[in-house]
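One structure is given here, and the rest of the page talks about it.
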Protein chains: 2
Amino acid sequence: MARPPAARQRALDAFAHIVVRDGERAAALEAVARAAGISKGGLLYHFGSKEALVAGLLEHLARLTEEDVAEMRADPEGATAHILRTSAQFGSDFEPVYIATVNLAQAGYDEARAALRAADTAWREAVLDEVGDEAVARAIVLLSDGIYAHAAVYGGPTGHDIAELRGLIAQLLAARRDS
Amino acid sequence: MARPPAARQRALDAFAHIVVRDGERAAALEAVARAAGISKGGLLYHFGSKEALVAGLLEHLARLTEEDVAEMRADPEGATAHILRTSAQFGSDFEPVYIATVNLAQAGYDEARAALRAADTAWREAVLDEVGDEAVARAIVLLSDGIYAHAAVYGGPTGHDIAELRGLIAQLLAARRDS
DNA sequence: GTCTATACCCAGATAGAC
DNA sequence: GTCTATCTGGGTATAGAC
């Protein structure tokens, strides 16, 4: 696959960051173009419309999600540790794209909803394969969603103690195995 | 306090519902007015600007949150049961106002962020007073946030099994008391 | 207290030069 | 591949009638 021009990717990154930081409203083509270091016309060469810009972001998310799930399953600490760790990780490649998508879903872009559903399902399955307990797997993904929701709303590190959560989950799994 | 005219409250409700259903973008003054059964001019009589409309919604949220926390603390099943139950409750008065506020926070209205922080803190304290375990209290509020995030993104009942979550939490608390 | 009409502004999109 | 210039639609807000 031919490497897309740098400006295109820069535009996508700028779009995601503005959506996360200031909301969808603020992510006007003009503002995105400026942040990407091109003009509005230049941006509209790469993406023929705002819809196309959103579609580009969702494609990017799909790619990153696939990688993320593969990493989860391969993580020596386990899928649960991975999902909690990355949920709270400010500064990853994945996070701004995911949170921007949450934002877009709530701004009324229905395609964004579908993308999030797909990610959630993939995560839950990976966690389930590790813990082997449906109820706990659902709860773990819910915790991860809660952490992301905090990041999306407050726009910064969430301050949630991941080690603490992992400890709770380990205790819970142990208690359920015993009973 | 003088009872505000009915049209005002109808406008507020309409605003919240459109924001939840279709996003902030779709909640144009025109659309809100139509849904409330008044004209754009009539709406702008009650709320001099869109900012004022948002402020009105946040005030409403503050009132409802106060009531909700009082109910939590008085709930015979306990604060934890209450927060999980109401998080998943589609059709309450509280839910659309809360989710609309989440949406507005992400659309860039900073005052909405502050309102959400206040609600989260009040909830966590109420839960903590019940369970007496900081880590578990944080996790419970996080689960509730996760449930709300689902409702906000997917716009309907979340399908999370509250009884299941309550069971997990009870098991966890028991395990921690033993150790 | 609510309406209509209208002014204003800005975001999204097009045309065409370079 | 990127630019400038320009059009258009729609959302916010004001003025003033009823």
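What follows draws every value from the coordinates through simple rules; no lab data is involved. Source: prediction; values computed, not measured. Note that we place each Cβ from the backbone using ideal geometry, even for glycine, and neighbour counts take in every protein chain shown.
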query = Taking each residue of B:138-144 in turn, how many C-beta atoms of other protein chains fall within 10 Å of its C-beta, and what is the average?
reply = 5
remark   = at residue B:90 the sorted inter-copy label distances (label 7 Å from Cα on Cβ side), in nanometres, are 3.5
Other-copy label distances relative to residue B:37, 7 angstrom Cα-Cβ extension, nm = 5.7
inquiry  = I need the peptides A:154-163, B:119-128 ranked by packing, meaning the mean over residues of other C-beta atoms within 10 angstrom, with the highest value on top.
reply    = B:119-128, A:154-163
task = Express the Stokes-Einstein translational diffusion coefficient of the protein assembly as shown in µm² s⁻¹, to the nearest whole number, given a Kirkwood radius over alpha-carbon pairs, 20 °C and a viscosity of 1.002 mPa s.
result = 100 µm²/s
note = Residue by residue through region B:11-21, the couplings from Karplus 6.51 cos²θ - 1.76 cosθ + 1.60 with θ = phi - 60°, in Hz, x for Gly and Pro, are 5, 4, 4, 4, 4, 4, 5, 5, 4, 5, 6
remark   = Simple SL model, points at 7 angstrom along Cα→Cβ for residue A:170 and residue A:21; separation in nm is 3.9 nm
message = Pairs of alpha-carbon atoms within less than 8 angstrom and 6+ residues apart define the contacts here; what relative contact order does chain B have, in percent?
response = 22 percent
remark   = Against the 2.2 N^0.38 Å rule of thumb, the C-alpha Rg of chain A sits at a ratio of 1.13
query = Mind checking the angle between helix A:162-178 and chain A's longest principal axis? C-alpha axes, 0 to 90 degrees, to the nearest 10.
reply = 40 degrees
Shielding by partners, peptide B:106-112 (average Cβ within 10 angstrom, other chains) = 6
query = What is the projected area of the convex hull of the Cα atoms of region B:84-179, averaged over all directions, in nm²?
reply = 6.3 nm²
inquiry  = Cross-link candidates for residue A:40: which lysines have Cα within less than 21 Å, leaving aside residues fewer than 8 places away along the same chain?
reply    = A:50
request  = Give me the distance between the Cα centres of region B:1-44 and region B:66-90, rounded to whole Å.
outcome  = 28 Å
